[in-house]
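The values are calculated or read from the model by the stated rules, or taken from the named source; none is laboratory data. Predicted model only: the values in this text are computed from it and were never measured. So basically every Cβ, Gly included, is an ideal-geometry build from the backbone, and we count neighbours across all protein chains shown. Just the protein is used for accessible areas: all its heavy atoms, side chains included, with ligands, DNA and RNA removed. Shrake-Rupley method; radii C 1.70, N 1.55, O 1.52, S 1.80 Å.
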Amino acid sequence: MNLARLDLNLVVALRALLEERNVTKAGRRVGLSQPAMSAALARLRRHFDDELLSRAGSQYELTALGQVLLDRTATAYDVLERLFTSQAAFDPATETREFRLVSSDYAVDVFGVELARPVHQEAPGIRLRLTRTPATVVDDTESLLSATDGLLMPHGVISGFPATDLYDDRWVFVVADDHPDLGDRLTRQDLARLPWVTYQRTYDAPAVRQLGMLGIEPRVEVSVDSFHALPALVAGTRRIALVQARLAHRLAPFGGVRVLEPPYEAVPLREALWWHPVHTHDVAHTWLRDIAAGVGRRMVDMPA
């Protein structure tokens, strides 16, 4: 494939056509006439040797290849947009742009809140958009990072991408205040016999993989994509949940739960900001990473 011979404007047209599934609407979306968009579709069909859009009655449907290209085109468009909006200089006091970070609700509560303060002070025109970590993050890390400005994620879940360390945390268990079977401490036998509440793909976390090495298989009764929901799903039940200490101590006073230490030396958590290599030398991203690293250093003095 000779990229020099490709018209990158076709990426814009392809995305509009696949998402709108209508030549006229796609043309209107990107500012092209209906004949010009029809010509773009013809070129795309020749390139891919596929119809991409096939008529079904009065409407168009995506072909099998068109469906495959739908997500890939959106990712490619985002990468191109970020590439061509790269800057030689960045003045936080005057810039107006948005940084999109992917994060769990835990990282938003513990780190995102702290990050937003210096960003607000130094760069009043900068917007932070914090979006929920998808369950597919481990399987599709590159696509996710290529379409965002960064990912807040602890070490041990993903690898192979640049990252800057932010802060450390440790793991604790939350149990109901009135748990009928537990006193002031947990045993390994308790972990094996009691039902669990877990955060979506908890098995990706090193602390949970560690349980398998100890011969403990958590009996998961409820799985949820929110760390904030864990205490509420534990309160008034026999369930237990593994939670980051910084978050547990924030939520415990409001959730009818108490915090207990693990009955083993749990692997600590080191939170990091990950990014796609295309952003490594971008001045705007360098500024954001420097701000994030500074926030992380200040958090060292905040007990976990």
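Some values worked out for this structure:
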item	result
Test: residue in region 106-124 that is surrounded by fewer than 17 Cβ atoms within 10 Å (Cβ to Cβ), among the aliphatic types (A, V, I, L, M), closer than 24 Å to residue 300 by Cα and out of contact with any Gly (no Cβ under 7 Å at 6 or more places or on another chain)	yes
Check on residue 94, among the polar types (S, T, N, Q), open to solvent by less than 30 Å² (accessible area, probe 1.4 Å) and modelled with pLDDT under 95	no
Members of region 161-186 that are closer than 19 Å to residue 294 by Cβ and either without any contact (Cβ under 8 Å) to a residue 24 or more places away in the chain or of a type outside the set (Gly, Ala, Ser) (or both)	162, 164, 165, 166, 167, 168, 169
Residue match in region 141-160 (condition: in contact (Cβ under 8 Å) with a residue 40 or more places away in the chain, of a type in the set (Ser, Thr, Tyr), open to solvent by 30 Å² or more (accessible area, probe 1.4 Å) and within 25 Å of residue 78 (Cβ to Cβ))	yes
Residue match in region 220-228 (condition: open to solvent by 20 Å² or more (accessible area, probe 1.4 Å), modelled with pLDDT of 95 or more and in contact with a Phe, Trp or Tyr (Cβ under 7 Å, 6 or more places away or on another chain))	no
Selection status of residue 195, open to solvent by less than 30 Å² (accessible area, probe 1.4 Å), over 28 Å from residue 115 (Cα atoms) and more than 23 Å from the chain's Cα centre (by Cα)	yes
Odd one out for residue 219, checked against (1) out of contact with any Leu (no Cβ under 9 Å at 6 or more places or on another chain); (2) free of Cβ contacts under 8 Å to residues at least 60 places away in the same chain	(1)
Search result, residues across region 41-65 that are free of Cβ contacts under 8 Å to residues at least 24 places away in the same chain, open to solvent by 60 Å² or more (accessible area, probe 1.4 Å) and in contact with a Ser or Thr (Cβ under 7 Å, 6 or more places away or on another chain)	51
Lone unmet requirement of (1) in contact with a strand residue (DSSP E or B) (Cβ under 9 Å, 6 or more places away or on another chain); (2) open to solvent by 70 Å² or more (accessible area, probe 1.4 Å); (3) more than 22 Å from residue 149 (Cβ to Cβ) for residue 269	(2)
Selection count, region 12-32, where residues are of a type in the set (Gly, Ala, Ser), surrounded by fewer than 16 Cβ atoms within 10 Å (Cβ to Cβ) and in contact with a helix residue (DSSP H, G or I) (Cβ under 6 Å, 6 or more places away or on another chain)	0
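Yes or no, residue by residue, for (1) surrounded by fewer than 17 Cβ atoms within 10 Å (Cβ to Cβ); (2) under 19 Å from the mean Cα position of the chain (by Cα); (3) more than 19 Å from residue 104 (Cβ to Cβ):
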position: 187; (1), (2), (3): yes, no, yes
position: 213; (1), (2), (3): yes, no, yes
position: 236; (1), (2), (3): yes, no, yes
position: 245; (1), (2), (3): no, no, no
position: 285; (1), (2), (3): no, yes, yes
